Amino acid sequence: KRMKKLSVFVATGLMLLIGCSAEQSEQAASVEPDVVDAEESTTREPAGYFEYLWCEAGGNYNDETIAALVAEWNSITDGLNARVNGAFAYLPREWEDENFDGLWVLRWNDKAHSEAGWAEYEAAGADALIQANHPGVLTCGNEPGVNRFGFNGYIPREIPSSFDLTAEGPYFLMNQFCAFNEGKGGSDLREAVMGQYIPLLDEIGQENPGSSYWFRIGVPDFEPNAEQPMSFNWINFWQTAEEGAQSTAAYNASEEGQNMTAAFNAIATCTDPQPWNGIVLRVPDSI
(Lines give C-alpha, C1' and ligand atoms only; values in the text may rest on other atoms or scores of the structure.)
Protein backbone atom coordinates (compact mmCIF):
# COMPACT_ATOMS: atom_id res chain seq x y z
CA LYS A 1 0.00 0.00 0.00
CA ARG A 2 2.78 2.42 0.87
CA MET A 3 4.51 1.92 -2.44
CA LYS A 4 1.22 2.38 -4.24
CA LYS A 5 0.81 5.66 -2.38
CA LEU A 6 4.36 6.57 -3.39
CA SER A 7 2.99 7.00 -6.93
CA VAL A 8 3.57 10.56 -6.03
CA PHE A 9 6.47 12.56 -6.95
CA VAL A 10 9.70 12.71 -7.89
CA ALA A 11 11.05 13.00 -8.06
CA THR A 12 9.49 16.16 -7.85
CA GLY A 13 8.13 20.28 -4.43
CA LEU A 14 6.63 21.20 -1.24
CA MET A 15 6.28 24.76 -0.13
CA LEU A 16 7.01 23.19 3.09
CA LEU A 17 10.02 21.09 3.54
CA ILE A 18 12.91 19.61 5.27
CA GLY A 19 14.90 19.14 8.39
CA CYS A 20 14.83 15.38 8.61
CA SER A 21 17.01 12.67 10.10
CA ALA A 22 17.56 9.25 8.62
CA GLU A 23 19.76 6.35 7.63
CA GLN A 24 20.77 5.46 4.11
CA SER A 25 19.20 2.38 2.59
CA GLU A 26 21.64 -0.34 1.61
CA GLN A 27 19.13 -2.28 -0.44
CA ALA A 28 19.54 -2.37 -4.20
CA ALA A 29 16.82 -2.99 -6.74
CA SER A 30 17.23 -5.95 -9.05
CA VAL A 31 17.22 -3.76 -12.16
CA GLU A 32 20.00 -3.23 -14.65
CA PRO A 33 22.01 -0.16 -13.58
CA ASP A 34 22.39 0.87 -17.22
CA VAL A 35 18.78 1.84 -17.85
CA VAL A 36 19.76 4.81 -19.95
CA ASP A 37 22.57 7.24 -20.51
CA ALA A 38 23.09 10.39 -22.49
CA GLU A 39 26.27 9.19 -24.14
CA GLU A 40 27.40 6.04 -25.88
CA SER A 41 29.58 5.13 -22.96
CA THR A 42 30.59 1.95 -21.22
CA THR A 43 30.35 3.61 -17.81
CA ARG A 44 26.71 4.69 -17.98
CA GLU A 45 26.94 6.59 -14.71
CA PRO A 46 23.81 8.16 -13.25
CA ALA A 47 23.46 11.94 -13.24
CA GLY A 48 22.90 11.93 -9.49
CA TYR A 49 21.38 10.17 -6.50
CA PHE A 50 17.91 11.42 -5.56
CA GLU A 51 16.13 10.85 -2.26
CA TYR A 52 12.40 11.48 -1.78
CA LEU A 53 11.22 12.05 1.78
CA TRP A 54 7.57 11.94 2.82
CA CYS A 55 6.81 15.05 4.87
CA GLU A 56 3.89 16.30 6.95
CA ALA A 57 3.09 19.90 7.84
CA GLY A 58 2.47 20.60 11.54
CA GLY A 59 0.04 22.91 13.26
CA ASN A 60 2.54 25.78 13.19
CA TYR A 61 3.13 25.57 9.47
CA ASN A 62 2.64 28.74 7.41
CA ASP A 63 4.58 30.66 4.77
CA GLU A 64 6.71 32.47 7.34
CA THR A 65 7.53 29.50 9.56
CA ILE A 66 8.49 27.20 6.69
CA ALA A 67 10.63 29.92 5.12
CA ALA A 68 12.50 30.27 8.42
CA LEU A 69 12.95 26.51 8.70
CA VAL A 70 14.28 26.20 5.14
CA ALA A 71 16.64 29.14 5.72
CA GLU A 72 18.11 27.52 8.82
CA TRP A 73 18.40 24.15 7.10
CA ASN A 74 20.33 25.80 4.26
CA SER A 75 22.55 27.61 6.75
CA ILE A 76 23.39 24.36 8.53
CA THR A 77 23.92 22.59 5.22
CA ASP A 78 26.36 25.32 4.12
CA GLY A 79 28.58 24.41 7.07
CA LEU A 80 28.83 20.71 6.27
CA ASN A 81 31.68 19.14 4.34
CA ALA A 82 29.46 16.59 2.59
CA ARG A 83 26.80 18.96 1.30
CA VAL A 84 23.72 17.96 -0.61
CA ASN A 85 23.76 19.21 -4.19
CA GLY A 86 20.31 20.74 -4.36
CA ALA A 87 16.96 20.32 -2.63
CA PHE A 88 13.42 20.60 -3.96
CA ALA A 89 9.86 20.40 -2.73
CA TYR A 90 7.30 18.41 -4.69
CA LEU A 91 3.67 19.27 -3.91
CA PRO A 92 0.80 17.16 -5.22
CA ARG A 93 -1.11 19.21 -7.77
CA GLU A 94 -4.89 18.96 -7.24
CA TRP A 95 -4.72 15.65 -5.41
CA GLU A 96 -3.66 14.50 -1.96
CA ASP A 97 -2.26 11.46 -0.22
CA GLU A 98 -2.95 10.17 3.29
CA ASN A 99 0.75 9.44 3.86
CA PHE A 100 2.20 12.91 3.34
CA ASP A 101 1.54 16.53 2.50
CA GLY A 102 4.47 16.71 0.10
CA LEU A 103 7.96 15.47 -0.66
CA TRP A 104 11.36 16.85 0.26
CA VAL A 105 13.75 15.86 -2.53
CA LEU A 106 17.51 15.72 -2.04
CA ARG A 107 19.91 15.59 -4.97
CA TRP A 108 23.33 14.13 -4.18
CA ASN A 109 26.23 13.60 -6.52
CA ASP A 110 26.04 9.87 -5.77
CA LYS A 111 25.09 7.44 -3.02
CA ALA A 112 28.45 7.74 -1.28
CA HIS A 113 27.89 11.49 -0.89
CA SER A 114 24.43 10.77 0.47
CA GLU A 115 25.77 8.41 3.12
CA ALA A 116 28.50 10.85 4.12
CA GLY A 117 26.07 13.76 4.16
CA TRP A 118 23.52 12.03 6.35
CA ALA A 119 26.24 10.85 8.76
CA GLU A 120 27.59 14.39 9.14
CA TYR A 121 24.10 15.86 9.44
CA GLU A 122 23.21 13.45 12.24
CA ALA A 123 26.53 13.91 14.03
CA ALA A 124 25.93 17.66 14.09
CA GLY A 125 22.51 17.15 15.72
CA ALA A 126 21.05 19.24 12.93
CA ASP A 127 17.56 17.76 12.93
CA ALA A 128 17.13 18.12 16.69
CA LEU A 129 18.24 21.74 16.45
CA ILE A 130 15.85 22.52 13.61
CA GLN A 131 12.92 20.84 15.31
CA ALA A 132 13.67 22.69 18.56
CA ASN A 133 13.86 26.05 16.78
CA HIS A 134 10.85 25.38 14.53
CA PRO A 135 8.44 23.16 16.51
CA GLY A 136 5.28 21.95 14.83
CA VAL A 137 6.28 23.21 11.38
CA LEU A 138 7.41 20.17 9.37
CA THR A 139 8.48 16.57 9.94
CA CYS A 140 9.93 14.27 7.29
CA GLY A 141 10.43 10.55 6.93
CA ASN A 142 13.54 8.78 8.17
CA GLU A 143 13.03 5.11 7.31
CA PRO A 144 14.68 4.03 4.04
CA GLY A 145 12.22 2.11 1.91
CA VAL A 146 9.28 3.17 4.08
CA ASN A 147 9.07 6.97 3.98
CA ARG A 148 12.44 7.87 2.45
CA PHE A 149 13.33 6.48 -0.97
CA GLY A 150 16.61 6.63 -2.89
CA PHE A 151 16.94 6.46 -6.68
CA ASN A 152 19.86 6.60 -9.08
CA GLY A 153 18.75 9.23 -11.58
CA TYR A 154 19.56 9.20 -15.30
CA ILE A 155 19.10 12.22 -17.58
CA PRO A 156 19.53 10.88 -21.12
CA ARG A 157 19.05 14.19 -22.93
CA GLU A 158 20.51 17.59 -22.11
CA ILE A 159 18.22 19.82 -20.06
CA PRO A 160 17.15 22.76 -22.26
CA SER A 161 18.26 26.25 -21.32
CA SER A 162 14.60 27.31 -21.42
CA PHE A 163 14.02 25.34 -18.22
CA ASP A 164 14.93 27.86 -15.49
CA LEU A 165 15.06 26.77 -11.85
CA THR A 166 15.39 30.40 -10.75
CA ALA A 167 12.17 31.46 -12.48
CA GLU A 168 9.36 32.82 -10.34
CA GLY A 169 6.61 30.36 -9.48
CA PRO A 170 6.68 26.58 -9.34
CA TYR A 171 7.75 24.40 -12.21
CA PHE A 172 5.68 21.39 -13.27
CA LEU A 173 6.39 17.68 -13.34
CA MET A 174 4.57 14.39 -13.80
CA ASN A 175 5.81 10.97 -12.78
CA GLN A 176 4.92 7.35 -13.46
CA PHE A 177 6.17 4.20 -11.76
CA CYS A 178 6.89 1.51 -14.33
CA ALA A 179 7.55 -2.23 -14.13
CA PHE A 180 9.24 -4.12 -16.94
CA ASN A 181 7.02 -6.55 -18.79
CA GLU A 182 8.02 -10.20 -18.83
CA GLY A 183 11.16 -10.72 -20.87
CA LYS A 184 11.99 -6.99 -20.96
CA GLY A 185 14.68 -5.06 -19.12
CA GLY A 186 16.97 -2.08 -19.00
CA SER A 187 18.59 -2.73 -22.37
CA ASP A 188 15.17 -2.66 -24.06
CA LEU A 189 14.31 0.64 -22.42
CA ARG A 190 17.66 2.14 -23.29
CA GLU A 191 17.28 1.10 -26.93
CA ALA A 192 13.83 2.70 -27.14
CA VAL A 193 14.94 5.89 -25.40
CA MET A 194 18.19 6.40 -27.25
CA GLY A 195 17.14 4.97 -30.60
CA GLN A 196 13.59 6.29 -30.89
CA TYR A 197 12.51 8.73 -28.19
CA ILE A 198 15.42 11.15 -28.20
CA PRO A 199 15.50 11.39 -32.03
CA LEU A 200 11.76 12.15 -31.87
CA LEU A 201 12.35 14.83 -29.24
CA ASP A 202 15.11 16.34 -31.38
CA GLU A 203 12.72 16.50 -34.30
CA ILE A 204 10.01 18.10 -32.16
CA GLY A 205 12.57 20.51 -30.78
CA GLN A 206 13.39 21.80 -34.23
CA GLU A 207 9.74 22.75 -34.65
CA ASN A 208 9.43 24.09 -31.10
CA PRO A 209 12.87 25.39 -30.04
CA GLY A 210 11.44 27.17 -26.99
CA SER A 211 10.26 23.95 -25.33
CA SER A 212 11.38 23.52 -21.74
CA TYR A 213 10.63 19.77 -21.66
CA TRP A 214 13.10 17.25 -20.29
CA PHE A 215 12.89 13.95 -18.45
CA ARG A 216 14.65 11.91 -15.80
CA ILE A 217 14.55 8.17 -15.14
CA GLY A 218 15.12 6.90 -11.61
CA VAL A 219 16.19 3.35 -10.73
CA PRO A 220 15.10 2.46 -7.17
CA ASP A 221 17.81 1.81 -4.60
CA PHE A 222 15.40 -0.15 -2.39
CA GLU A 223 13.14 -3.17 -2.71
CA PRO A 224 9.75 -2.02 -4.05
CA ASN A 225 6.62 -3.27 -2.35
CA ALA A 226 5.03 -6.25 -4.10
CA GLU A 227 1.73 -4.36 -4.27
CA GLN A 228 3.38 -1.72 -6.46
CA PRO A 229 5.99 -3.37 -8.68
CA MET A 230 8.52 -0.83 -9.92
CA SER A 231 11.55 -1.14 -12.15
CA PHE A 232 11.98 2.58 -12.69
CA ASN A 233 10.36 5.97 -12.10
CA TRP A 234 9.85 8.15 -15.20
CA ILE A 235 9.54 11.88 -14.55
CA ASN A 236 8.65 14.54 -17.15
CA PHE A 237 9.46 18.21 -16.45
CA TRP A 238 8.20 21.51 -17.89
CA GLN A 239 8.58 25.10 -16.81
CA THR A 240 4.82 25.54 -16.32
CA ALA A 241 1.72 23.38 -15.97
CA GLU A 242 0.21 25.12 -18.98
CA GLU A 243 3.13 24.13 -21.19
CA GLY A 244 2.98 20.61 -19.78
CA ALA A 245 -0.70 20.25 -20.63
CA GLN A 246 -0.25 21.59 -24.16
CA SER A 247 2.85 19.51 -24.79
CA THR A 248 1.25 16.32 -23.52
CA ALA A 249 -1.94 16.85 -25.53
CA ALA A 250 -0.02 17.50 -28.75
CA TYR A 251 2.20 14.48 -28.20
CA ASN A 252 -0.72 12.14 -27.45
CA ALA A 253 -2.63 13.36 -30.52
CA SER A 254 0.27 12.87 -32.93
CA GLU A 255 0.92 9.65 -34.80
CA GLU A 256 4.57 9.78 -33.76
CA GLY A 257 3.63 10.15 -30.10
CA GLN A 258 1.15 7.30 -30.27
CA ASN A 259 3.71 5.03 -31.91
CA MET A 260 6.29 5.93 -29.27
CA THR A 261 3.80 5.27 -26.48
CA ALA A 262 3.03 1.85 -27.99
CA ALA A 263 6.75 1.06 -28.08
CA PHE A 264 7.14 1.99 -24.41
CA ASN A 265 4.02 0.04 -23.45
CA ALA A 266 5.55 -3.07 -25.00
CA ILE A 267 8.49 -2.70 -22.64
CA ALA A 268 6.87 -1.70 -19.35
CA THR A 269 3.55 -1.22 -17.60
CA CYS A 270 3.21 2.12 -15.81
CA THR A 271 0.93 3.81 -13.32
CA ASP A 272 -1.19 6.79 -14.37
CA PRO A 273 0.75 10.09 -14.44
CA GLN A 274 0.82 12.03 -11.17
CA PRO A 275 1.13 15.85 -11.47
CA TRP A 276 3.28 17.91 -9.09
CA ASN A 277 4.35 21.48 -8.48
CA GLY A 278 8.11 21.72 -8.00
CA ILE A 279 9.77 24.32 -5.80
CA VAL A 280 13.50 24.92 -5.39
CA LEU A 281 14.66 24.85 -1.76
CA ARG A 282 18.38 24.82 -2.45
CA VAL A 283 19.67 25.75 -5.91
CA PRO A 284 21.75 22.83 -7.22
CA ASP A 285 25.17 23.02 -8.82
CA SER A 286 23.60 20.76 -11.42
CA ILE A 287 20.21 19.13 -11.64
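Which of the following residues is touching a helix residue (DSSP H, G or I) at 6+ places or on another chain (Cβ under 8 Å) and surrounded by 18 or more Cβ atoms within 10 Å (Cβ to Cβ): Ala268, Ala241?
Ala268
Could you give every pair whose Cβ atoms fall below 9 Å, whose first residue belongs to the range 93-116 and is closer than 16 Å to Asn142 by Cα, and whose second residue is among the aromatic types (Phe, Trp, Tyr) and assigned to a loop (DSSP other than H, G, I, E, B), counting only separations of at least 6 or pairs across chains?
If the second residue must be among the aromatic types (Phe, Trp, Tyr) and assigned to a loop (DSSP other than H, G, I, E, B), the pairs left are Asp101/Tyr61; Leu103/Phe9; Val105/Phe9.
For Phe163, all conditions in the list (1) in a loop (DSSP other than H, G, I, E, B); (2) open to solvent by 30 Å² or more (accessible area, probe 1.4 Å); (3) at negative phi hold save one; what is the number of the exception?
That leaves (2) as the condition not met.
I want to confirm something. Restricting to the range 174-224 and keeping residues that are in a helix (DSSP H, G or I) and among the β-branched types (Val, Ile, Thr), which single residue is least open to solvent (accessible area, probe 1.4 Å)?
Top of the filtered list is Val193.
Can you tell me which residue is farthest from Phe232 (Cα to Cα) among those in the range 40-89 that are part of a strand (DSSP E or B) and aliphatic (A, V, I, L, M)?
Applying the filter and picking the extreme gives Ala57.
For the condition touching a Lys or Arg at 6+ places or on another chain (Cβ under 7 Å), at pLDDT 50 or above, over 18 Å from Gln228 (Cβ atoms) and buried (at least 18 other Cβ atoms within 10 Å of the Cβ), what is the one hit in Ala87, Ala22, Ala57?
When all the criteria are applied, what remains is Ala87.
So, of the residues in the range 120-138 that are farther than 18 Å from Arg282 by Cα, in contact with an Asp or Glu (Cβ under 9 Å, 6 or more places away or on another chain) and modelled with pLDDT of 95 or more, which turns out to be surrounded by the most Cβ atoms within 10 Å (Cβ to Cβ)?
Filtering first and then ranking leaves His134.
Considering only residues that are surrounded by fewer than 18 Cβ atoms within 10 Å (Cβ to Cβ) and in a strand (DSSP E or B), which ones fall in the range 149-160?
none
Please enumerate the residues belonging to the range 274-287 that are of a type outside the set (Phe, Trp, Tyr) and either closer than 21 Å to Gly169 by Cβ or open to solvent by less than 60 Å² (accessible area, probe 1.4 Å) (or both).
If the condition is that a residue be of a type outside the set (Phe, Trp, Tyr) and either closer than 21 Å to Gly169 by Cβ or open to solvent by less than 60 Å² (accessible area, probe 1.4 Å) (or both), then Gln274, Pro275, Asn277, Gly278, Ile279, Val280, Leu281, Arg282, Val283, Pro284, Ser286, Ile287 are the ones that fit.
Name the single residue, out of those in the range 244-265 being within 23 Å of the chain's Cα centre (by Cα) and small (Gly, Ala, Ser), that is surrounded by the most Cβ atoms within 10 Å (Cβ to Cβ).
Gly244
The values are calculated or read from the model by the stated rules, or taken from the named source; none is laboratory data. Quick caveat, the model's predicted, so the values are computed rather than measured. Positions of Cβ are backbone-derived with ideal geometry, glycine not excepted, and every protein chain shown enters the neighbour counts. SASA here: full protein model, heavy atoms, side chains in, ligands and nucleic acids out. Shrake-Rupley method; radii C 1.70, N 1.55, O 1.52, S 1.80 Å.
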